[in-house]
Amino acid sequence: MSTKIKEKDHIPSPAPESSVVSGFETNNSSDLQHRQVHDDDVGLGKTPKAPPNAVRKASTVNVVSGVNKSASRYRKLHPNSSPQVIREDVNKLTKIPKRLGTIINLQDDNEENGGVEGLMSQIADTSSWCLSAGIPYLSIYECTGVLTGEYLPFLQKEMIHTLANYFGTDAIPNFLLKIAHTNESLVYCEDAPVDLQVVLLSRVDGKPTIVELTRTMYELAKSNELKVSDITISLVDEELVELVGPEPDLLIQFAPNLDLQDYPPWQIRLSEIYWEPENIDVSYLVFIRALQKFSRCKMNVGK
Amino acid sequence: MLEWISRFPGYDHVLGSIKTIVGNIILTGPVPRHVGLIMDGNRRYAKKEHIELREGHSLGFESMAKILELLYESGVECASVYAFLIENFKRLSYEVEWLMQLAKDKFTQISNQGELAEEYGIKIKILGNVKLLPKDVQDVLHQSEEMTKHNTRAVLNVCIPYTSRDEITHLIQQIVAHENEDDEDEDDFFIDESTISNYLYTNESPPLDLLVRTSGTFRLSDFLLWQCVDPHCAIVFVDKMWPAFTPFDMCKILINWGFNNYWYGHSSGFVRRKQVKDTV
């Protein structure tokens, strides 16, 4: 297992902007502007109408190369990209979480798996593992909230591509993408039941949402529509589940240190938290080890 | 383990001086201002060591006293301990009774003799939904709070019976009730994250810098959730059961915390992420 991972690390990542970067290094004076233009092009959703270049490139590549070719290349990159392998791993476990939460950090654009594009492929990978393992709910916490509504179609495309690699083009499971804060959602297949719900969370869904709820309750009480005695834990819980989503059973942080980064405080009450000290990647091994640890842990609330 | 050493004369004195020395060493680096402790594993420890449950709980208390001593010696301003969570009332009635009795005894002891409180000038604060406790325990707690309220050196927050969700609900109630009190500044009353922080039970304490949970459980169990998701707070999970958790272990955690802060500029160690601006 470990050698495979090492191999994976050494595979050079395709760097579409490399030409621009080298140009910048050779002659400094004129290229400052050049670089700025480039930054704006990839700039994370500053211009809503034009989709980022990187995303457009990725989607055209998929069409050209075709599924078969890309699938074999994909297998090389991801040795575990087969639902059977994952299911075998999961079948050994005594219990699996119903809801999985993950904290993924947005990396710099010029790093491997960096930028929005990298984030989207990481989300697609994690979703595929969840679908293979039979976990119906996945929440992704990325604190800057870079994935806004206009990225949903691109994320969907990325996910379809990845899922085709896992399940084959004619058996892509149905999934729903949702941004908790704005309540925008996109479902892959309208009439079929949803196999996986992917909810995107950001810092706004944490403390600011509790502030917002408090404000609303304050206003309601002012107009005598709500009594102070009506505010109970179950009411607050109901509202926050409605606004943000339920608490995950297992929370995986794909980073070497535990750093909750203002994760929604209401949604972390009893979640089992998992991270690995040496890990900086969104990798299947961390995912499956987290599930293994979860299946061993015992929950007894207060007893 | 090395119990025979403790029979030597002057052992306590030596131990005391070592603690002071170590505390002074830690003082040279950055020190967390506010430390939270989830003291988990008393019962599992008792089971493992084949001693009575009640014994496990009182060993847990002794362990707490030792850890607190080290913390205050190292310059920590405030410690919050999770003594009893609201869900603990679901335990068997006789165990709840023991715990209440233990709390009563120990707090009476603290108020009467004031070992810990007097030596370190510690102010005791009770956080939580005190109304749920039996009347006599409430009285003792209030008494100890009252007796130590003039102490200024450090603060001990005893969370009994506490849960974070209860705290948040409670503060929403208070904020909503705010309008009924004074009508004048009604329009000026603006609610944001700092308003909420002001209404938390921990409003008088510095922000939480370090949270330690023992017994190898990787959960927060409804303790100081609002406070500990803060990017500046480091969360440390320890495998040892609480009664087996020694000042030496705590010392390692404190040094590690100080090192991370000094070296990486972040209490959790090297953290690579983009900074976010406040969106609200």
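Here are the numbers:
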| quantity | calculated |
| --- | --- |
| Shape metrics for region A:202-281, restricted to C-alpha atoms - Rg then Dmax, Å | 16.0, 54 |
| Accessible area expressed per residue, region B:1-102, with surrounding protein chains retained (probe 1.4 Å, Å²) | 56 Å² |
| Cα-projected label distance for residue A:225 with residue B:93, points at 7 Å along beta-carbon direction, nm | 4.5 nm |
| Cα-based Rg and Dmax for region A:90-169, where Dmax is the largest Cα-Cα distance (Å) | 13.5, 41 |
| For peptides B:223-236, A:94-107, sequence by mean Cβ density within 10 Å, most packed first | B:223-236, A:94-107 |
| Cα-projected label distance for residue A:91 with residue B:15, points at 7 Å along beta-carbon direction, nm | 5.6 nm |
| Principal axis dimensions, largest first and in whole angstrom, of chain B by Cα | 69, 49, 36 |
| Solvent-accessible area lost in complex, 50 Å² minimum, residues of region A:216-233 relative to chain alone, 1.4 Å | A:218, A:222, A:228, A:231, A:233 |
| Protein heavy-atom accessible area occluded, B/A pair - total, 1.4 Å probe, Å² | 4900 Å² |
| Heavy-atom accessible area order for A:188, B:201, largest first, 1.4 Å probe | A:188, B:201 |
| Percent carbon-and-sulfur accessible area, region A:119-184, ignoring ligands, DNA and RNA, probe 1.4 Å | 53 percent |
| For residue A:184, distant residues with modelled amide H under 5 Å away | A:179 |
| Anisotropy class of region B:1-148 from Cα gyration tensor, a/c 1.5 cut | oblate |
| Out-of-range pairs (alpha-carbon distance over 27 Å; input A:293/B:48; B:19/B:135; A:178/A:207; B:48/B:123) | B:19/B:135; B:48/B:123 |
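The values are calculated or read from the model by the stated rules, or taken from the named source; none is laboratory data. Remember, predicted model here, so these are calculated numbers, not experimental data. A quick note on method: Cβ atoms are made from the backbone with ideal geometry, for glycine too, and the neighbour counts reach across all protein chains shown. Ligands, DNA and RNA are stripped out before the accessible areas are found, and what is left, the full protein with its side chains, is counted by its heavy atoms. Shrake-Rupley method; radii C 1.70, N 1.55, O 1.52, S 1.80 Å.
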